[in-house]
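Inspection log for the structure reproduced underneath, given as structure tokens.
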Amino acid sequence: MIYRRQGFLLLLLAIWLWAPPVMADGKVVRVGVVFDGDASVTTQLFEQIKGEILTLTEGEFDVRFSDQDILSGDWSETGIQATIDTLLADPEVDLILALGVVASQTFCCRSELSKPVIAGFVIDAELQNLPELDGASGVKNLNYLAFPSTFERDIDLFLEIVPFEKLTLIFNRWFVEAVPKLGEQLRRAADRRGLGFDIVAIGDSVDEGLASIPDDAEAVYVAPLLHLPDSERLRFIEGINAKELPSFSIFGVAEVANGLLAGQRDGAFYDRLSRRIALNVQRILLGEDAGEIPVNVPDRQRLTINMATARKINAYPAWHLLTEADLLNEEPDYRKVLSIEEAVELAIEANLDIAAKEREVAAGIQNVVRARSTYRPQISSGFSGVQIDSDRASSNFAVQAERTWTGSLTLTQLLYSEPALANIAVQGSAQLTREQELDQLRLDIAQEAMISYMNVLLSGTVEEIRKSNLDVSRSNLELARVRRSVGTAGPGEVYRWESEVATARRDLVDSRASTYQAKIALNRLMHERLEEGYRTEDITLEQLLDTPLSQPTAAEAAVEAASAPRSPREQLSLFRSRDQVLPYIGTQLHFEIFRQFMVDEGLGRAPELMQLDSAIELQKRLLLSARRSFWSPEVALQGQLDHVLERDGEGADLLSEVEDTSWSFALQATLPLYSGGSRSADVIEAEETIANLELQRAALAERLDQLIRSNLYLTNAAFSGIALSQQAADAATKNLELVTDAYSRGAVDVLDLIDAQSASLSADLAAASALYQFFIELINVERSVNWFEFMRTPQEQAAWFSRLQKFFRDNGLEPRAASRPRRVVR
């Protein structure tokens, strides 16, 4: 027994000594590559595949890609056939990769292959009628990569996006020639849907290809046109869009990004293709027959829609697809960039409420003019025609002819009138009140415009967070489906995530509606077309503090995504004096003194108080007038000039010597002696009204004092809440990552993951809200003290700081630098 064991060990030692050192040196493997022709897409993909293969086989095989083994068919069937024959006949080439649609089809049509071949570019295995046996090709040395047949699913989805009855399919000319039965397969699929269809084979000429599209085409289904240079492929897509034809791409997001309308292969398609080719290469090198390697490759279908193309060709998808799909260029590329300062300026200049108030002020000026006119000369003219009976006219004592026509000119000058003087003062005060109301309205509109601008930014950020949450829910749904397929989860988990996806889509719809509402509200304030589009400039806390608080959280990333491609300014004029203010709020005592200063400033400039002050002055003047009415007469001077223009009839001859022109002057003074007690009532009413207004003013001053102090406290709290909410969002995101990983391993159940995702979503929304709430509170502070800094001149700003410095000195306190929020380090 011992000898037998020793013999076995010696045999193992001999095998080890004589065996080739595979892991140490690696077997040399030469890989040949066939391209249909030169194309940047396939060249880039080859480099990716090459990298995956070399990484996967490193230390195991010495895989080499020699330039002499990388051949191109120059976009001709004969050229592709020749390159295939060359590589199959080359004894130095161990394995062949077909990285072209036609090359892949050609290999798959050969019944015998002398060496392993991987056909990597298969459009649709079912349409191409490729060999298949028990999930593999069944052909010795042949492996191809077959993603799930998508043609019929694509067409069904395409019909859901835009209705059509005639479909034009666009393929590479050489692919059509290589697959002679392609038309039959496509016709059967089209007939099942009652669609007419044409096939257009695109060669080297884009113009000829575009001209080949039938005039009655209603939609186009576009296969990869890799033979066209990038610039020509883009020109072809532009030509399709110029014809306003809806388009659907077989290859999905890559071509949709270039301008096609839609596609449903996601952006990771080439990554999965590269990895699967590398894995299959490894399996072949380890000795497995390529004909027995499974050909089916799982694919992820995710609808992508280019909304810029949709707008260009006027083909808009249904509402439900907008939340189901990934939307490229969702917002138009507005040339107009609207900053918060510009929004306020437009609102103040064009707002209809302000315009109406300005007209009211302009009309009120005439009340002042009218009141003053009573102390200016009043000149009037008159004409009269008088006829008396002939008997009176003919008598010896007649002073008037039978018919007399007379013209008159009257001058009246008011010398003194207490009611008139009081009315001038009253109308002046009333006009001042109207002007103060206009100032107040401008401040209110400026505040509303700034808050509306912030709401636009906030709603856009919330929309991006909702999109991100929908993506997470979809990823978790896919994960649940995988867990169910391997038996670690039941159908309930899948249904639960389908419910979560539906809820997330509904929330996204609501968020988009909120975004539109915010923009409409801002446009109304600016008196723009209510659905006028523009890009906004995002406002970040870093701009306010010139220092980052922490690493970006999901909420901050959403803020950035919502604002792209905005270009924020380095310095926001809205908050340009922030650094100068910080030393005055550095401690509790400093903040207390600062609050009192802000209260004094706010009350001193409050148009609401100024209106009451004007009303009090008006009533005081009315009280003075009421008291003077007991002894103050009204004195006026009047002069009149009369001229007889004509006399006729009886008595005219008798009055021929009478002077035709006469004049008179009169000085009149009037003093009411008794008016039934109304003058006493006027005095009492004015006194009580003044007392009432003074109490109203005191009450309003208290409310404004409270408002200013409350806004300052709220701003301080909102500022502190930013860092805390960001910390919460960061922690919730990390927790979600941990729970998601545990869920994928089966360590936690679906409820734990849903809770973690909900917590992350809530934290992200809170972080975004905290940031913009701080800005809104800051705006409220500026409104409550009636001081929007960017609306002030540099001289006014300098004077404000001079008053702030003096106020602190008068209170025996010097400014002290405030501590900035520190970055949280864990």
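If you count the DSSP beta bridges with both ends in the chain, what percent of them are antiparallel, to the nearest 5? Please list the in-between numbers first.
Details: 38 of 77 bridges.
Taking every DSSP beta bridge with both residues in the chain, the antiparallel ones total about 50 percent.
By accessible area of protein heavy atoms, probe 1.4 Å, what ranking do T323, T43 get, highest first?
I get T43, T323, largest accessible area first.
Distance between the C-alpha centers of region 178-223 and region 594-624? Whole Å please.
Centre-to-centre (Cα) distance: 79 Å.
Can you give the angle from 0 to 90° between the axis of helix 2-18 and the longest principal axis of the chain, with both taken from C-alpha atoms, to the nearest 10?
Its long axis makes an angle of about 70 degrees.
Between region 711-739 and region 494-543, what is the C-alpha centre distance in whole Å?
22
Which sequence of Y516, Y221 reflects their accessible areas, 1.4 Å probe, from the largest down? Don't skip to the answer; put the middle values down first.
On the way: Y516 110, Y221 5 Å².
Largest to smallest exposure gives the sequence Y516, Y221.
Write down the percent of antiparallel bridges among all DSSP beta bridges whose residues are both part of region 84-221, to the nearest 5. Spell out each step's value before the answer.
Values: 1 of 17 bridges.
Percentage antiparallel, nearest 5: 5.
Which order do peptides 447-456, 677-686 fall in by mean Cβ count within 10 Å, highest first?
Values: 447-456: 23.2, 677-686: 13.8.
Result, highest mean Cβ count within 10 Å first: 447-456, 677-686.
Ranked from highest to lowest mean number of other Cβ atoms within 10 Å per residue, what is the order of the peptides 629-638, 730-739?
In descending order of packing, they fall as 730-739, 629-638.
Mind pulling the angle between the C-alpha long axis of helix 491-525 and the longest principal axis of the chain? Nearest 10 degrees, somewhere in 0 to 90.
Roughly 30 degrees between the two axes.
On C-alpha positions alone, give me the angle between the axis of helix 588-605 and the longest principal axis of the chain, in degrees, nearest 10.
50
Once semi-axes √(5λ) of the Cα gyration tensor in Å is worked out from the coordinates, which option in [x] 68, 39, 29; [y] 90, 39, 21; [z] 84, 32, 29 does it equal?
The calculated read-out lines up with [y].
How far is the Cα center of region 740-785 from the Cα center of region 292-368, in Å?
Spelled out, the Cα-based centre of one part sits 25 Å from the other.
What figure, in Å² to the nearest 10, do you get for the accessible area of R703 with a 1.4 Å probe and non-protein molecules left out?
140
Keeping the other protein chains in place, figure out the carbon and sulfur percent of the accessible area of region 342-453, with a 1.4 Å probe.
Solvent-exposed carbon and sulfur of region 342-453 make up 55 percent of the total.
The values are calculated or read from the model by the stated rules, or taken from the named source; none is laboratory data. Quick caveat: nothing in here was measured; it's all calculated off a predicted structure. Every residue, glycine as well, gets a Cβ built from its backbone with ideal geometry; the counts of neighbours run over all protein chains shown. These accessible areas exclude ligands, DNA and RNA; they are computed on the full protein's heavy atoms, side chains included. Shrake-Rupley method; radii C 1.70, N 1.55, O 1.52, S 1.80 Å.
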